[in-house]
Amino acid sequence: MVPGEFQAVVLAAGKGSRMTEITAGRPKCLLPIANMPMVWYPLRMLEREGFHDAILVVADTAKSEVQAALEKCNLTMRLDIVALPPGKDDWGTADSLHFISEKIKADVVVVSCDLVSDASLYPALELFRKNEAAVTMLFLKPTEVSPADALPTPGPKSKHKPERDLVGINPDTSRLVLLASVSDFDETLPLSRGLLRKHPHLQLFSRLMDSHIYVLRKWVCKFLDHERSLSTLKGELLPYIVRKQSSKPAQIIEDVSVVSGTIKKDIYQFAEESNIVSKVLPKSIFNDHWGDMKGTFQDDKIRCYAHIADSSSFGMRVNTLQAYACINRQVIQIWEKVTGAHPLIRLHQASEVKSTQVDDSTMVGEMSHLAEKTSFRSSSIGSSCTVLSKTRIANCVIMNNVKINEGCVLNNCILCDGVEVGNNTELKDCLVGEKYAVASGEKHTQEFLAKEDVLMEI
């Protein structure tokens with residue numbers, strides 16, 4: 001990658017609307033995954049790919065907390081942490097790009113804060129360069145979960161069905177020609193004859209995972225800044241641009257506003273003003289198609305592309321409770337892949353671990369105390385936690401400042417910050433909200449335990 005050719009933007013202001021049970025007490029981007037904040041993983045990925053700096057967009061209320069957390073993570077890249085205006089935490093992803101438009105000086109790689117992946121960005125960037133694309137998306141093949149990791153999601157059973165995308169790609173050119181939600185269609189998918197004539201070898205996918213890595217041409221960001229009605233990238237901007245590829249630009253008429261005197265532009269004008277390829281390649285012998293007399297790229301001024309990472313790549317969007325529980329069970333096994341062999345601190349030297357039964361799949365954060373006669377298996381213990389004797393913990397995520405008293409048995413649970421578990425308590429497949437106190441001797445299975453105000457919010 002040429003330094004300065006691309007800017008990296010990491011969007012981390014989201015509230016985590018699909019996992020509010022565990023984001024009530026801390027920003028989604030700081031949820032711990034193997035005792036590292038979630039946002040560290042995409043930042044580490046960008047660092048491995050050669051980026052020296054990045055713009056990190058966070059909620060106004062979270063800026064100081066995010067900054068303090070990342071200062072402990074030993075990142076070498078420079079971070080420009082930008083907070084959204086107060087009260088704008090519900091802005092969409094496109095709104096966030098609107099807000100930082102003055103900072104965008106080059107083509108942009110936009111990354112979501114909840115991606116954990118070892119996929120390389122280079123194939124997508126090369127596809128973007130070679131074809132002077134407006135947009136290039138990176139898709140990942142579904143990650144298979146082994147039977148050993150197929151535990152229930154902590155908390156009550158949920159009937160929530162994951163959203164699936166319908167993606168149409170020309171395998172000969174990697175052109176992305178269809179992007180929609182499967183739920184938008186009933187039993188039939190209407191495709192125009194013109195689209196099929198241009199892309200006769202169209203492949204349709206319904207199980208690809210959108211990594212939420214988008215490479216955007218600078219002119220797309222300018223258009224987005226101009227077209228303020230588009231609030232989200234995935235839901236609005238990208239489907240709009242994909243559709244515009246197969247549309248013919250209307251006759252360009254400069255519409256001067258009587259009130260402001262400004263000239264209104266459509267998307268084709270933004271593309272035409274910035275598209276070098278449309279001026280150079282028609283005079284060369286390069287072509288991406290055969291069988292007709294059309295020019296380079298079939299005379300399309302706007303072009304979208306998609307790269308599908310190979311099946312050996314790992315990738316997971318940690319945007320649901322199920323994904324959060326799953327990644328914490330897997331992350332130590334895939335640590336070297338997803339972090340580029342970053343040093344793994346399994347037992348923090350500032351903690352007191354008296355237990356002799358802590359397996360190699362367990363991590364312990366700083367300033368925690370694990371008493372003797374305790375056992376830990378495949379679990380993550382955060383900072384400033386206390387676990388007293390005769391306690392067994394397996395397949396759990398224990399966040400910060402948690403106290404677990406004597407004689408407890410916890411299996412496949414998530415305990416948020418500040419929880420206290422009383423003596424001789426048994427929890428299985430449970431989710432315990434921030435600062436909740438579980439009374440001594442209680443037994444719970446597949447429940448969400450939280451204060452009433454948290455339950456009301458959910």
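The values are calculated or read from the model by the stated rules, or taken from the named source; none is laboratory data. This is a predicted model, so every value here is computed, not measured. Positions of Cβ are backbone-derived with ideal geometry, glycine not excepted, and every protein chain shown enters the neighbour counts. Surface accessibility is based on the protein's heavy atoms, side chains included, excluding ligands, DNA and RNA. Shrake-Rupley method; radii C 1.70, N 1.55, O 1.52, S 1.80 Å.
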Summed residue charge, Cβ within 13 Å of Glu442's Cβ, Lys/Arg positive, Asp/Glu negative: -1
Value of [θ]222 nm, deg cm²/dmol, for the chain, DSSP H segments ≥ 4, -39500 (n - 2.57) each, nearest 500: -5000 deg cm²/dmol
The range 345-456, accessible surface, carbon-and-sulfur percent (1.4 angstrom probe): 43 percent
Per residue accessible area of the chain, 1.4 Å probe, in Å²: 49 Å²
Cβ-based charge dipole, the chain, positive-most Cα from Val57, Val397, Leu191: Leu191
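In debye to the nearest 20, how big a dipole does the chain give about its Cα centre with +1 on each Lys and Arg Cβ and -1 on each Asp and Glu Cβ?
Dipole of the chain, to the nearest 20 debye: 700 debye.
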Shape call, the range 1-82: gyration tensor on alpha carbons, a/c limit 1.5: prolate
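Below 13 angstrom from the Cβ of Leu427, what's the summed charge of the other residues (Lys, Arg +1; Asp, Glu -1)?
-2
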Relative packing of 164-175, 23-34, 436-447, which averages over residues the other C-beta atoms within 10 Å, highest first: 23-34, 164-175, 436-447
The chain: angle of helix 321-330 to the longest principal axis, Cα-based, in degrees nearest 10: 70 degrees
Signed unit charges on C-beta, dipole axis of the chain, positive-most listed residue Gly365, Pro27, Gly14: Gly14
Alpha carbon Rg of the chain, scaled by the compact-globule rule 2.2 N^0.38 Å: 1.09
Sites matching chymotrypsin sites (Phe, Trp or Tyr not before Pro) across the range 34-117 that sit in DSSP coil, with at most 16 neighbouring C-beta atoms within 10 Å: none
Directionally averaged projected area (convex hull, Cα atoms, the range 345-456), nm²: 5.8 nm²
